[in-house]
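Enquirer: Supplied in structure tokens, the structure appears directly below.
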């Protein structure tokens, strides 16, 4: 019955060989920026329900006397952490972005101009009122509720001079979206807002052909 004696010895020998050939892997600490990147990727894969709170319902764009007029019907709602931060005195900026594109000979559209239209919202605890400062539009407007403040932004309209070089026969397209601007938030809050779904308020880009009047 030699096999019963040889088998344990063979197993022990193989175990020693495996142990001798295994090189211990040096322990490495994962850099902080790797952890941040992994966490950001995880957050990005989550369903962003808050994004549905900013949307563009409809819009149009036309040119008359070298002036580009863009109008849009927006749907805006701010809840959760951004609304709480606003109630504690932190201003919020709703940013409406418009871009002008021109078609090439191959019918591909290329960006030729971009504009940003910031709407500053502030809450004043003493008066329990919200104020809205429009881009380049004089003194702030006052509203009793946040919903009414956002409602004043929802009927968006802007007139802009055409960039140099745009011809009447050019095929043009306007694209528009609305975002909650996080760039001006205080440092610690800006970092938290980067990872929080509540702060990822952003509509999809909508596009319209530009009509020449």
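The values are calculated or read from the model by the stated rules, or taken from the named source; none is laboratory data. Please read all numbers here as calculations on a predicted model, not as lab measurements. Note that each Cβ is placed from the backbone with ideal geometry, even for glycine, and that neighbours are counted across all protein chains shown.
Enquirer: Looking at the structure I just gave you, is residue 179 farther than 12 Å from residue 94 by Cα, at pLDDT 95 or above, within 24 Å of the chain's Cα centre (by Cα) and surrounded by fewer than 18 Cβ atoms within 10 Å (Cβ to Cβ)? Reasoning before the result, please.
Expert: Details: farther than 12 Å from residue 94 by Cα: no; at pLDDT 95 or above: yes; within 24 Å of the chain's Cα centre (by Cα): yes; surrounded by fewer than 18 Cβ atoms within 10 Å (Cβ to Cβ): yes.
When the stated conditions are applied, residue 179 does not pass them.
Enquirer: Do we find a residue being surrounded by 14 or more Cβ atoms within 10 Å (Cβ to Cβ), more than 20 Å from residue 70 (Cα to Cα) and touching a residue at least 24 places away in the same chain (Cβ under 8 Å) anywhere in the range 92-111?
Expert: So the first thing to find is which residues in the range 92-111 are surrounded by 14 or more Cβ atoms within 10 Å (Cβ to Cβ), and the list is 92-103, 109.
From what's left, more than 20 Å from residue 70 (Cα to Cα): 92-93.
With the extra rule that they be touching a residue at least 24 places away in the same chain (Cβ under 8 Å), the set shrinks to 92-93.
Yes, that holds for at least one residue.
Enquirer: While we're on this one: From (1) closer than 18 Å to residue 100 by Cα; (2) surrounded by 14 or more Cβ atoms within 10 Å (Cβ to Cβ), pick out the condition that doesn't hold for residue 171.
Expert: Residue 171 satisfies every listed condition except (2).
Enquirer: If we keep just the residues of the range 187-207 that are touching a helix residue (DSSP H, G or I) at 6+ places or on another chain (Cβ under 9 Å) and part of a loop (DSSP other than H, G, I, E, B), which is farthest from residue 123 (Cα to Cα)?
Expert: Looking at the filtered set, the residue picked out is 204.
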